[in-house]
Structures are given as structure tokens and as C-alpha cells.
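These notes concern the structure reproduced below.
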Amino acid sequence: MEMRAAYAACMAELMEQDRHVVILDADLSKASGTRALYERFPNQMFDCGVAEQNMASIAAGLASYGFKPWIESFTPFATRRICDQIAISICYAKQNVKIVGTDPGISAELNGGTHMSMEDIGVLRSIPGIVIFEPVDETQLRQAIPVINAYDGPVYIRLFRKALPDVFPADYRFDLFRADLLRAGKDLSIFVSGMLTADALTAAGMLAAEGIDCEIINVHTIKPIDRETVLASARKTGAVLTVENHNVIGGLHSAVLEALAEEKLPVCAVGVQDRFGEVGMMPYLRTAMGLTTDNIIAAAKRAVTLK
Amino acid sequence: MEEKLKSLCTEIRCDVVRSIGHLGTGHVGGCLSVVELLAVLYFSEMHIDPANPKLPGRDRLICSKGHAGPAVYATLARRGYFDRSLLMTLNQGGTNLPSHCDMNRTPGIDMTTGSLGQGFSCAVGAALGSKLEDDGATIFTLIGDGESQEGQIWEAAMFAGAKHLDNLIGFTDSNKLQIDGPVEAVNSIAPLAQKWRAFGWHAIEVENGNDVMQVRAAVRLAKKNRGSGKPTMVILNTKKGCGVSFVEDLGPGNHNMPFSQADAKRALTQLLGREATDEDLEIGGESEWK
């Protein structure tokens, strides 16, 4: 199932249970997968039109009235375009607003550079009080949405909206503030978020054949990062690689570096090398931005060499 | 009532002058221009309970021009939300009365504001919330004329008009001045009333927004628009720095200005109509108004 369909199904369930759960759109409800909910929940769905700043602050006003608003747009317009509204109306004012950004990084594909957020995590990560979450697959997303709804405070959900390969088993138990160990290993810790998690697992399999035993940890919540898990794994393996569909400045790589600032070990990165996006389909963009399984394998070998 | 409201305005102005004078600097001009509105709302028109600032279904004022915080605080203190002596902590480290309104710090403040344009959208959100809850509240919101240059104001105006939020009453503090000069010269917002009407609002123009009875009449007129399917914008023609002539005379320079104890005493002399003393600079007993 597409991630947005799973997300919309979760939201429908929450809205059914609680009339204070509301969704606000800025003319992208179709992209977010929630368009059909307008008919079913006419008093809980509000389209603000193409006016993201107003949407964010209206959500804060609704939250001040006891509602639990979720706002939706593409990642660049849900973050960098409304950065001040998120900082002041939502975070500084401590309002319980959830922010859903779809099409993170290269997944914006044919919308190209203007719609391709390589910086959204970086933009939000320096704002106090916000939680930043990026789901890996449908299983994790379905567990995360009710947990995030129950969490009293601002959360950014970086939502890849199409289908993603299954990573987590059916008996998976989600904890918003705990990173997930996907594969234990002793030579290298790979911290990965979002859509590249499956690629990291594939890379680990191939690296194992070459005698490199990788530990794979999914850091689904980039802020606050699960420092304890990151530190314990890094200290165990002595080398680190971060993998993300985001600029290497400001995102997961930066968060991991901050957690490991006092450790003497190499921390390599697979991510967008401080450049803007461009138009294209995923295979081209993965290669152009250096986000392929081969890139992960090469960076992993380098990290191990640097030990 | 007119005399009571007028004397309240003087008391509020005196407390604004005292609290900003105590610190030595502040947003004097834009605080003094909105005193009549605050007195009318908090002492005559709003359904509120100072003993229960979170009263469900209460009317709310969201002061989107957050820099008028000191005037709102002086009004809230007079109304009994907190002790007037706290006004002297304005902008001091650790205070609950920061320069711009903060809902998490000050009893009676219903929204955090200061980044211009945002509070107005928040008020629209609150008005939508009140409609959904069907609690009968009126949401009041105050914006500046300079603030009206923010695009977000017009995004929110469009939405409130389109969604028929007739429980929302906005006020524009049209004091004609902003930091860089006259609003007309910096980036004209004229014709203002026509703009609001074009966005699906009623617009009421108040010739003298520093006349309590004119303001009160306009608020009552605006309240009658509930049921019309349109929000109302009340444009208050005010004077920035109103009530203290040497502040008024500074023009755009009175937005955020140095304000010494000597300045405060000079202002109090004018407001009280007698030579002010050092004692007048202090905040003393409670208001007689209940």
C-alpha cells in the first residue's frame, strides 16, 4: 500500500474517535492522500488553499482552542516556506500541531528542484521543542501515527507518499523516542532514516559477503535523536556511516555527529552533498545525488578503513 | 460609563508609562494608541472572568500587534488578572510580562504574538475553533496598520471571509505610522476599508479611535454582525503615542523609544493634570474600578 493511503487510513480512524482531530490542507490533499476524508469528516477537514503560512498559524489557533490539528503540504512548503510560523505560532507558543511534509528529498521526482527539500530537517532541527520523524515503511507508519497524535507537542512527519518495501516485521513495536536495531553487527554502525533504510539493509547483505559485518539502526526520530542507542552502537563497532535522503548538512548526519562529538571514531556520510535537487526520476536522481546502494557500500568500506 | 472608561484609559496610560519608564525603553507609541480599545473591550464588552482566565467559552482578544503587550498587561492588571505591581517587572529577565504577548507566561493572554501577521491567522483559527465548539464566544483581534503589509494578513482575511467567520471582530490600529516612516509613504495600504470589504468582511471606520464612546459604539455595531456570515474589521483612526504630546510629536520615532524616568514623570504630569512626583512613578494601590 502507498504510504499516503496508510497515513490517511490512520487519520480516518483517529478522526472517527476524536472530533478534535482536524486536518488542514494547502491545496495538496490529493497528494497527501486525504482528499476523500473531506466528505466523510466535513467538520474536521479544512482546505486553506494555497496559503501555507496562514494554514500553520490557523492550526496554532485551533490548537489553542483544544483541537489537534495536522497540517499537510509538500516538504519544502511544510517547512522552509513556513519556518517562522512553525517557530513562533507553533513551537514558541507550545501549540500541539502536527506537520506532515510529503515527497521528501529526491522523491519529489518530476516536480524538480523547487519542490525537492534537501534541507527540511535542517531547517526545523534548530527550532526548540519540535520532534522530527521520518517513517520507513507502512508497518512503522501505522504504529507511529496514533502515537504521534497522542504526543502533546509539535511533530514533523517527513512522509514518503508512495509505496515503500517492507522493513519491519508484523510484531514490530514502535517507540517514538527509540531508534530501532534492524541488524546487529560488529564492524560498522549504519544509522539510516526513511526510504534509504531498505537500501542500507541490501548493502549490509552485500558487505557481509565481503567480510564486513554492519549494524543497521533505523533512526526514525531524528530529533530528539536516541543518543543512547547511537552512542552504544558506535562505541561497539568503532566506525559510523549515516545514510539519508537529505543534505549532509543539518540532517541525520549532523545529528549523529553531534551525538558523537566527543568520540574518536570516523563518521562517514551518504547523503546529498550540499546541493539543490533537480528534475528526474528516482533512478537518475539516486545516481546524481549519490544515494545508491553502491554509494552506501563504498562509504561503508571507507568508514571501516578509517578505523 | 463614559467618564469611568475615560478615567480607566488615563490609569492604563499611566501604568504603561510607569512600566516602560521603569525599564527605560519600550514600544510607547503603539501601546498608547490602543488604550481606548483595550479599556472598552476588557471593561465593557468582553465576556471574561479575571478569576478564571481559561473560562470555557470566554471571549478572547488576540493582540496580533504583539508589541502592544505592555498596554494589554496594564489593562489586564487593572481588570484584576494579576497584581499591578507585576507591571514593574516588564521586560526584566525572568518576567512573565515580556515585550510581546506570551500565552504561556501571562494570565489572560490567549495567544503568543510578535511575529507580525501570525496572531491574526491564529485568531482566525480560534474563531473557527469557536464555531466548531459552538460555544458562542466572540474572538477579537488587533492588528497594526503597518502589520497590514504582511501577506499573511490577507491570506487570513480571505479564509475568514470565505468560511463566514462572523464571530470574528478585527481591529486595525490605524495610527498611520510605522518604524521607517508614515505607512502611506513606506508602502500604502489604502484604500483599507475597501480592501476588507473586497475580502468578504464588513468594515467599520471609527473617526476617532481614541474616543471611548466611538470605539464602544463600533464594537457594539460589529457584534450585531454575528449571523451575517461575515467577519467585521473595525478601523480605528488613532494617534500613535496618544495622550502624551511629546511622544506623539516624535512621530515614527516613538515606535520603540528610549523612555527615562524623567520622560515618565513628564508624561505622568500631562496624564494626571498636575506636577508628577517620584511617588507617581511607582505603582501603588488597586484600581477602584470593579
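Odds and ends about this structure:
- Of all residues in the stretch A:30-54, those satisfying the criterion of being within 8 Å of chain B (Cβ to nearest Cβ) and outside any loop (DSSP other than H, G, I, E, B) are A:PHE46, A:GLN53, A:ASN54.
- Residues satisfying the stated conditions in the stretch B:165-191, i.e. within 26 Å of B:ARG58 (Cα to Cα), away from every other protein chain (no Cβ under 13 Å) and not β-branched (Val, Ile, Thr): B:ASP166, B:GLY170, B:PHE171, B:ASP173
- Selection count, the stretch A:71-95, where residues are assigned to a helix (DSSP H, G or I) and either away from chain B (no Cβ under 14 Å) or in contact with a His (Cβ under 9 Å, 6 or more places away or on another chain) (or both): 5
- The combined condition, being assigned to a loop (DSSP other than H, G, I, E, B), farther than 25 Å from A:ALA78 by Cα, in the same structural domain as A:ALA300 (by TED's automatic domain parsing) and free of Cβ contacts under 8 Å to residues at least 60 places away in the same chain, is fulfilled by A:LYS186.
- Scanning the stretch B:181-213 for residues that are in a loop (DSSP other than H, G, I, E, B) and more than 18 Å from B:THR238 (Cα to Cα) returns B:PHE199, B:GLY200, B:TRP201.
- Of note, A:ALA298 does not satisfy the criterion of being small (Gly, Ala, Ser) and closer than 16 Å to A:GLY113 by Cα.
- All of B:ALA160, B:ALA185 fail the test of being surrounded by fewer than 15 Cβ atoms within 10 Å (Cβ to Cβ) and at pLDDT 95 or above, apart from B:ALA185.
- The stretch B:102-111 - residue that is within 17 Å of B:GLY170 (Cα to Cα) and within 10 Å of another protein chain (Cβ to nearest Cβ) and, of those, surrounded by the most Cβ atoms within 10 Å (Cβ to Cβ): B:MET111
- Verdict on B:LEU61 being assigned to a loop (DSSP other than H, G, I, E, B) and of a type in the set (A, V, I, L, M, F, W, C): no
- For the stretch B:142-163, the count of residues that are under 19 Å from A:GLY61 (Cβ atoms), touching a helix residue (DSSP H, G or I) at 6+ places or on another chain (Cβ under 6 Å) and among the hydroxyl-bearing types (Ser, Thr, Tyr) is zero.
- Only listed residue being closer than 18 Å to B:THR141 by Cα and either assigned to a helix (DSSP H, G or I) or in contact (Cβ under 8 Å) with a residue 40 or more places away in the chain (or both), chosen from B:SER44, B:SER19: B:SER44
- The single residue among A:GLY101, A:GLY185, A:GLY122, A:GLY105 that is touching a His at 6+ places or on another chain (Cβ under 7 Å) and crowded, with 19+ Cβ neighbours inside 10 Å turns out to be A:GLY105.
- Failed condition for A:ALA150, given (1) crowded, with 21+ Cβ neighbours inside 10 Å; (2) without any contact (Cβ under 8 Å) to a residue 12 or more places away in the chain; (3) not charged (D, E, K, R): (1)
- When A:LYS98, A:LYS68 are checked against the criterion of being within 17 Å of the chain's Cα centre (by Cα) and either within 14 Å of chain B (Cβ to nearest Cβ) or among the charged types (D, E, K, R) (or both), A:LYS98 stands alone in meeting it.
The rows are residues; the columns are (1) over 22 Å from A:GLU244 (Cβ atoms); (2) in contact with a Cys (Cβ under 9 Å, 6 or more places away or on another chain).
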| residue | (1), (2) |
| --- | --- |
| A:ALA144 | no, yes |
| A:ASN149 | yes, yes |
| A:ARG158 | no, no |
| A:ARG161 | no, no |
| A:ASP166 | no, no |
| A:ALA170 | yes, no |
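- Condition check for B:LEU61: under 21 Å from B:LEU5 (Cβ atoms), touching a residue at least 60 places away in the same chain (Cβ under 8 Å) and either buried (at least 18 other Cβ atoms within 10 Å of the Cβ) or of a type in the set (Lys, Arg) (or both): yes
- Within the stretch B:247-258, the set of residues being exposed (fewer than 15 other Cβ atoms within 10 Å of the Cβ) and touching a residue at least 24 places away in the same chain (Cβ under 8 Å) comprises B:PRO258 only.
- Looking only at residues in the stretch B:133-157 that are within 11 Å of another protein chain (Cβ to nearest Cβ) and charged (D, E, K, R), the one that is surrounded by the most Cβ atoms within 10 Å (Cβ to Cβ) is B:GLU155.
- Residue within the stretch B:2-11 that is crowded, with 17+ Cβ neighbours inside 10 Å and touching a strand residue (DSSP E or B) at 6+ places or on another chain (Cβ under 9 Å) present: no
Residues checked against (1) in contact with an Asp or Glu (Cβ under 7 Å, 6 or more places away or on another chain); (2) modelled with pLDDT of 95 or more:
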{"residue": "B:THR238", "(1), (2)": "yes, yes"}
{"residue": "B:CYS242", "(1), (2)": "yes, yes"}
{"residue": "B:SER245", "(1), (2)": "no, yes"}
{"residue": "B:GLN261", "(1), (2)": "no, yes"}
{"residue": "B:ALA264", "(1), (2)": "no, yes"}
{"residue": "B:ALA267", "(1), (2)": "no, yes"}
{"residue": "B:LEU271", "(1), (2)": "no, yes"}
{"residue": "B:GLU275", "(1), (2)": "no, yes"}
{"residue": "B:ILE283", "(1), (2)": "yes, no"}
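- In the stretch B:115-132, the residue that is nearest to the chain's Cα centre (by Cα) out of those that are at the interface with chain A (Cβ under 7 Å from one of its Cβ atoms) and surrounded by fewer than 21 Cβ atoms within 10 Å (Cβ to Cβ) is B:SER115.
The values are calculated or read from the model by the stated rules, or taken from the named source; none is laboratory data. Since the model is a prediction, treat every value here as computed from it, not as a measurement. When we count neighbours, we look across all protein chains shown, and the Cβ atoms used for this are built from the backbone with ideal geometry, even at glycine.
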